[in-house]
C-alpha cells in the first residue's frame, strides 16, 4: 500500500496528532544557544498569533528580554506570561539556573525574538515555536515581589531605604511601600513630616503630622500597587527618605519590589 507523505517527508497523519511510539522528523533547528550581549534567537511569524518560549540554563548570569517588531527593523519589548506562576514579565534575569516556559500573544507582529540585554557569563538555550491558534489565557496574576528593603532609624534620626541599581537596562517595579513610626515617649508635636522619594514618577512624596503618644504606633504610609510602580530611570538607585521624626520617635521603612526591563 502506498504511504502518503507531507511536504517534509513525514507520514501524513490527517487530523491526528503523533502519539507515543511514533516519531515525526523535522530537520529545522528548534533552539539556539545564546552566550553574548545582544545575541538573539528570532522567529518570523508569517501570520501566527501565539508564541511559546522555552528558556533553560544551568550556569547563566544574564538577562533575556522578549521583543517584537512590526516593520522588521525597530524592536520593542513585549509582555509574556510565565506558565509556572502566571505572572506577566518582559524579561528574565538569571544569576544561576533557569528552566521555564512562557506564552505571548503576537498577532500582527512580523517577527519575535529573545535577546540577551545584559550579560556577565554563561549561556542560555532558547527554544521558540509559533502557532496560528490563539492562546486562551486566564487573567495573569500580579508579578510577585521578589525583593524587600527594610530599614529602621534610631530615635529622632533621618533614615533612607535604598533600592540598589538593578543592572543594565533594568528598572525597579515597586509593589508596596510602608512607613511606620513608633514612640518611646510622647511627642506633642505640631510640625509636618514629609517623606520623599527619588527615581519614582512625579517625585512621589507624603506629608503627615508628627505628634505621637507614648508607646504609640503610627502607620503613615501603606501604599500597595496592583499595577507595579516603575522607577523613572534604569540601572539607578531608588530611595524612600524619612526625616528625623522627633525626640524618642523611630521610623521603619519597608519597600517591596522586583526588577525587570
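Since every read-out is calculated from the coordinates, none of them should be taken as a lab result. Just so we're clear, the structure is a prediction, and the values are computed from it rather than from any experiment. Positions of Cβ are backbone-derived with ideal geometry, glycine not excepted, and every protein chain shown enters the neighbour counts.
Set against the 2.2 N^0.38 Å expectation for a compact globular protein, the chain has a Cα radius of gyration ratio of 1.39.
Of the listed peptides 29-38, 58-67, what is their order by residue-averaged count of other C-beta atoms within 10 Å, with the highest listed first?
Descending packing order for the listed peptides: 58-67, 29-38.
Mean separation of Cα pairs under 8 Å and 6+ residues apart, divided by the residue count of segment 147-260: what relative contact order is that in percent?
On the way: 326 pairs, mean separation 56.6, N = 114.
Taking the mean separation of contacting Cα pairs over the length of segment 147-260, I get 50 percent.
Between residue 147 and residue 44, the modelled labels are 4.0 nm apart [label points 7 Å from Cα along Cα→Cβ]. Extending 7 Å from Cα along the Cβ direction at residue 217 and again at residue 71 yields two label points whose distance is 5.7 nm.
Taking each residue as 0.36 nm, the span from residue 160 to residue 185 lengthens on full extension beyond its C-alpha to C-alpha distance by 6.7 nm.
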